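Accompanying notes for the structure given below.
The values are calculated or read from the model by the stated rules, or taken from the named source; none is laboratory data. Since this is a predicted model, take the numbers as computed values, not measurements. All Cβ positions, even for glycine, are placed from backbone atoms using ideal geometry, and neighbour counts span all protein chains on display. Please note that ligands, DNA and RNA were not included when accessible areas were found on the heavy atoms of the full protein model with its side chains. Shrake-Rupley method; radii C 1.70, N 1.55, O 1.52, S 1.80 Å.
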Amino acid sequence: ITEPDGKGIVEREVIRVVTPGTTFDEGILENKANNFVACVVKEGDRYGFSYADVTTGDFKSTEFENFKELESELAKVNPAECICDEELIPRINFGYKFPYNYSKDPEKTLKDYFEIKSLKIFGLEGKNFAVRAAGMLFEYLKDTQKTDLKHIQKISYYDVFEFMPLDKSCVRNLELFFTNRDSKKEGTLIWVIDNTSTPMGGRLIRNWILHPLLKKKDIEARLKKIDVLIKNSSLIRNLRDNLGELYDIERLISRLSLGTGNARDLNALKQSLEVVPKIKSCIKGKNIFAEVEADLYSLKNLVKIVGEAIVDEPSISVRDGGIIAPGYNKELDDLRSISTEGKSFIKNLQLREVKKTGINSLKVKFNKVFGYYIEISKANLSSVPDDYIRKQTLVNAERFITPELKEYEEKVLNAEERIKELEYELFYDVRMKVIEEIVKIQKTAKAIALLDVISTFAFNAEKYNYCKPEIFENGGIDIKNGRHPVIEKMTFTGEFVPNDCKIDKKREFLLITGPNMGGKSTYLRQIALTVLMAQIGSFVPAEKAGIGIVDRIFTRVGASDNLAEGESTFMVEMQEASFILNNATEKSLIILDEIGRGTSTYDGVSIAWAITEFIHDKIQAKTLFATHYHELIELSDRLSRSLNLCVAVRENEKEGVVFLYKVVEGGINKSYGIEVAKLAGLPVDAVSRARGVLKELEAKQIKKMRVSPDQMKLFEGKSRKHSELKVLKDLKKMDIDKLTPMEALQKLNDIKKKTES
């Protein structure tokens, strides 16, 4: 292919392959989210899994015993692209899938590139599946980027059990990143708590949400840092002001390392590094931040080099010049002088030649075809000096060149081309000086991200009035005046009603009844979110909170189907319930918002009853179960570690039904569904008719007899009145030998009153 200047043939080749998982396009990338490319390999029932963010240099690898674990991790990582063996493509439902064949020795690939003798340094020794995935992904990145991957300094092996697993149902049901209804960020947990000042901090806070901690000391290490900042409000302000001046250091250094960065990236990096000393001074002398401070490198010499080399507003292209500052390189300055002084040289030459020849109409001109020349009209040809060399003949004039003009022409034309070449060479030299410090720059970026998230948590605690949770290795949940972080922010009137929650060995299973729109679902989710926030090391929305570490949060919420695979709403509901019952432990937190509502009342109650007993008797997990099946109230009374709660309602003729959004002890046997239908705008005639039908049903005692006689054995005495069951429970607890005659008579009288009520 001929070059534009017509000087010859240039070789063409692919210099980079752009894919969804390796793009640097700022129009596609989200500042505060990673863009991962993943790799999955399979052998037998085991899987190797690796993922990397080319824009930041992060590279991780792990392995799984089954596909369910892999699928859960894929949901958390949510890669934009996934390479794998072709047979796996139909099973992976995340990102763009691309089959990739890799026949090399993965261990050798990694050892050769990182110039190491053993993969033990990365924690990969003996992790054959993780090594295979990492080697395959690394080779793919080399194939697509077509350059040295210097910004990938290590591969981190991680065990998924180091963190609390979050399955895709939990991420979806708790609306951590996107709302269920319209997939928006507004109305999610990340929307509330991500007040980070830098893109690095934004990516880290997402990572923390997806990887809650399981060790008390790790959680408390974060909480203590937040505590130090909260005790000094000016420190929080100064930190956040300085952090706000930073660019995305991670992506800047990655672009520069891969050769896609330009001079503007160098300037942005320089400006960011100039802020580092200010950030460092903010935490100087605070022992709790000693490790963070040690990883903040000012790199003053690098800042000086970039400052001296690059102009304030360089051109975007590194091949077109306009990027190197005057005074940085003498040869470049000389070449620029030749180029910029061209007009004055031509003017002076023309004056000299006019004086020399006496031809007043003589002109020195330039065009792209013939270069520089002296033009003389035919009437003056007799006065042309002998050293003039004819270059072109026109109708009315002749064009000449002189040795001096020819020499200058070559100098000027070569100067412009040489300026561009030299500027690129100087830019490349500066870029390589920056890359030499890539390890320190990446450490600085990581330290800044950590400071950003910690200072954000401190900022949130002040802004939203969050409290520091007390963390227990083992124990229950004790929340005083807890709030839902998202709904509280969306309640512009500031009238969110707080609620307590106490779960311990004596009351592990909380059964919550109450009307639709009464706040049951809000209550469930706020407890789960509070626990999650505590285990990522954040302060929590409550007046006071004690959190026993949970190994997992399970959620069964709402109605959804998977019709594409032939799964009805009820099937999906039962699959989620099955997953919980088969995987939860006594250290788990289970959130159930309705179970069995997708089938007939009889089947639904039976299933809900059985699940309640199974969780209470066999799993013994901390559980909150919201239901409209009032039959379960009596079951809960009979279970030793269960407690009935309900959302309070005030009902009178003047106000009608008023939802108080307060969770109190006891059960409620009305759903107030018709009142909710009325609030939703159901036509008056339909509401009136519904009330009439309800009265007819109540008169026929259909409400009381929810199950047929042949199913009554399932519920063991369910037909007894609630008050009678309470009496039996009290009698079992009573120590008759210690009662005086008078106390015995009083107890007997109390029992009589209860059974008559």
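Checked against a 23 Å cut-off, the cross-linked pairs 443/468; 60/622; 225/278; 286/468 give Cα-Cα distances beyond that limit for 443/468; 60/622. Based on Cα atoms of segment 86-178, Rg over Rh with Rh as the Kirkwood radius reads 1.03.
Using R0 = 25 Å, the C-beta based FRET efficiency linking residue 437 and residue 28 works out to 0.30. Each part gets one Cα centre, and for segment 80-121 versus segment 364-422 those centres are 62 Å apart. Three principal axis extents describe the C-alpha atoms of segment 23-106; from largest down they are 40, 28, 22 Å. Taking segment 219-350 on its own, what percent of its Cα-Cα pair distances exceed 19 Å? Counting pairs separated by more than 19 Å, the tail of P(r) holds 64 percent. The tail of the calculated P(r) for segment 390-468 beyond 21 Å holds 68 percent of all Cα-Cα pairs.
The value obtained for segment 417-517, namely the Cα convex hull volume divided by the number of residues, is 243 Å³ per residue. For segment 215-292, the fraction of C-alpha pairs more than 16 angstrom apart is 60%.
Once R0 is set to 51 Å, what does the formula 1/(1 + (r/R0)^6) return for the Cβ-Cβ distance between residue 392 and residue 334, expressed as a FRET efficiency to the nearest 0.05? Calculated transfer efficiency: 0.95.
Our compactness index for segment 467-533, the C-alpha radius of gyration over the empirical 2.2 N^0.38 Å, is 1.18. Straight-line reach from residue 378: which aspartates and glutamates have Cα under 19 Å away, leaving out those fewer than 8 places along the same chain? Filter leaves 353, 386, 387, 398. Any idea what diffusion coefficient segment 345-417 gets from Stokes-Einstein, in µm²/s, Kirkwood Rh on alpha carbon pairs, 10 °C, 1.306 mPa s? The diffusion coefficient I find is 126 µm²/s. Farthest toward the positive end of the dipole of the chain, out of 209, 628, 659, is the Cα of 659, where the dipole comes from beta carbon charges about the Cα centre.
Please figure out what share of the DSSP beta bridges in the chain is antiparallel and state it in percent, rounded to the nearest 5. DSSP beta bridges in the chain are roughly 60 percent antiparallel. All Cα-Cα distances of segment 191-251, cut into 10 Å bins from zero to the largest, leave 18, 44, 35, 3 percent in each bin in turn. Along its three principal directions, the equivalent ellipsoid of segment 126-216 from the Cα gyration tensor extends over semi-axes of 30, 19, 14 Å, largest first.
With bins 10 Å wide beginning at 0, the percent of Cα pairs of the chain falling in each bin runs 2, 11, 17, 18, 15, 11, 9, 6, 4, 3, 2, 1, 1, 0, 0. Between the residues 306, 383, 350, the greatest Cα displacement towards the positive end of the dipole of segment 301-388, with unit charges on the Cβ of Lys, Arg, Asp and Glu, is found for 383. Out of 364, 582, 609, whose Cα points farthest toward the positive end of the dipole of the chain (charges: +1 Lys, Arg; -1 Asp, Glu; placed on Cβ)? Of the candidates, 609 comes out farthest on the positive side.
Entry note, the chain: relative contact order of 10 percent, from Cα contacts under 8 Å with a spacing of 6+ residues. Dividing the convex hull volume of the alpha-carbon atoms in segment 257-333 by its residue count gives 108 Å³ per residue. Normalising the average separation of contacting C-alpha pairs (under 8 angstrom, six or more residues apart) by the number of residues puts the relative contact order of segment 145-242 at 22 percent. If R0 is taken as 45 Å, the Cβ-Cβ distance between residue 232 and residue 585 corresponds to a FRET efficiency of 0.65. Rounded to the nearest angstrom and listed largest first, the equivalent-ellipsoid semi-axes of segment 285-414 from its Cα gyration tensor are 55, 13, 10.
Could you work out the equivalent-ellipsoid semi-axes for segment 1-152, taking the square root of 5 times each eigenvalue of the Cα gyration tensor, largest first, in whole Å?
Ellipsoid half-lengths, sorted descending, are 30, 19, 15 Å.
Averaged over its residues, the chain has an accessible area of 50 Å² per residue, based on protein heavy atoms and a 1.4 Å probe. Estimated at 0.36 nm per residue, the fully extended path between residue 161 and residue 504 surpasses their Cα-Cα distance by 121.0 nm.
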